[in-house]
Amino acid sequence: INKREELIAFLTDPKKNTQGSVAIIQPLEIDLDPSKDLAWSSDYTLSATLNLAGSTLKTSHRLFKSMTSSANLVNGKVMIKDGTENLQCAIALGNDGTIERVNVVTSGEDSQVKASLAGLVGINRGTIYQCSSTLPVYGTEAFNVNISETQYSLNFVGGIAAASATRVSTLMSVIDGCTVNASVNGSDDIGGGGGIVGYALGRVTNNTFEY
């Protein structure tokens, strides 16, 4: 994949965006929001493997609505651009797949951008491994997320995920080896929060909150 339009074509083609399919980002960076007239949609679902291959995706919007159990997002960086508003999290509202070695960053030390749920995902029901975030989080109210026909009211904030829950009894959710170097906070209306995850039913191990 060499440009924004090719990524959109991949995500909207059910024959390509499916289990077992792999897309590799070729340029060092792709701006997903090059202008107000070309705003990135946050409604895509990832079901394939998207290998960022060390590249940076720059955006003013969340990358996906959700990631299915066959989805993999690996090896790169997601940069949230200055001026971004109404951002819940950088990658997806719900993750049933695997996010590995993905770093979420802002555009610089003077950035005022904040997420209202979490650095990476709203609810994690899959695996997040060796990822990092410098995206500050500040929650003010509960946010409803529908993933795989299950409704969650997320009243938590977290540096990696607002919540991590088990999708089925035989598959434990995992957040392992991740690092957060950003503030994670919320108003009195938020039920709880954590530097890594606000609420967890699953494995949360070997993580570091450095802020």
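The values are calculated or read from the model by the stated rules, or taken from the named source; none is laboratory data. Remember, predicted model here, so these are calculated numbers, not experimental data. Cβ coordinates were reconstructed from backbone atoms using ideal geometry, including for glycine residues, and neighbour counts include every protein chain displayed. Keep in mind that these areas ignore ligands, DNA and RNA; they rest on the heavy atoms of the full protein, side chains included. Shrake-Rupley method; radii C 1.70, N 1.55, O 1.52, S 1.80 Å.
Structure summary
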quantity	calculated
Segments classed as strands (runs of 3 or more DSSP E), wholly inside the range 64-113, with at least 2 members that are at pLDDT 95 or above and either in contact with a helix residue (DSSP H, G or I) (Cβ under 6 Å, 6 or more places away or on another chain) or open to solvent by 40 Å² or more (accessible area, probe 1.4 Å) (or both)	72-80, 98-106
Residue selected from the range 21-63 under the condition part of a loop (DSSP other than H, G, I, E, B) and among the aliphatic types (A, V, I, L, M), by the criterion farthest from Lys114 (Cα to Cα)	Ala48
Unmet criterion (only one of (1) crowded, with 20+ Cβ neighbours inside 10 Å; (2) closer than 21 Å to Asp43 by Cβ) for Thr127	(2)
Residue count for the range 170-206, restricted to those that are open to solvent by 30 Å² or more (accessible area, probe 1.4 Å) and either without any contact (Cβ under 8 Å) to a residue 12 or more places away in the chain or over 22 Å from Glu141 (Cα atoms) (or both)	11
Residue within the range 139-150 that is of a type in the set (D, E, K, R), under 21 Å from Gln19 (Cα atoms) and at pLDDT 95 or above present	no
Within the range 5-19, tally of residues that are part of a loop (DSSP other than H, G, I, E, B), out of contact with any strand residue (DSSP E or B) (no Cβ under 8 Å at 6 or more places or on another chain) and farther than 25 Å from Asn86 by Cα	5
Of all residues making up the range 149-164, the number that are surrounded by fewer than 19 Cβ atoms within 10 Å (Cβ to Cβ) and either farther than 18 Å from Ala115 by Cβ or under 13 Å from the mean Cα position of the chain (by Cα) (or both)	3
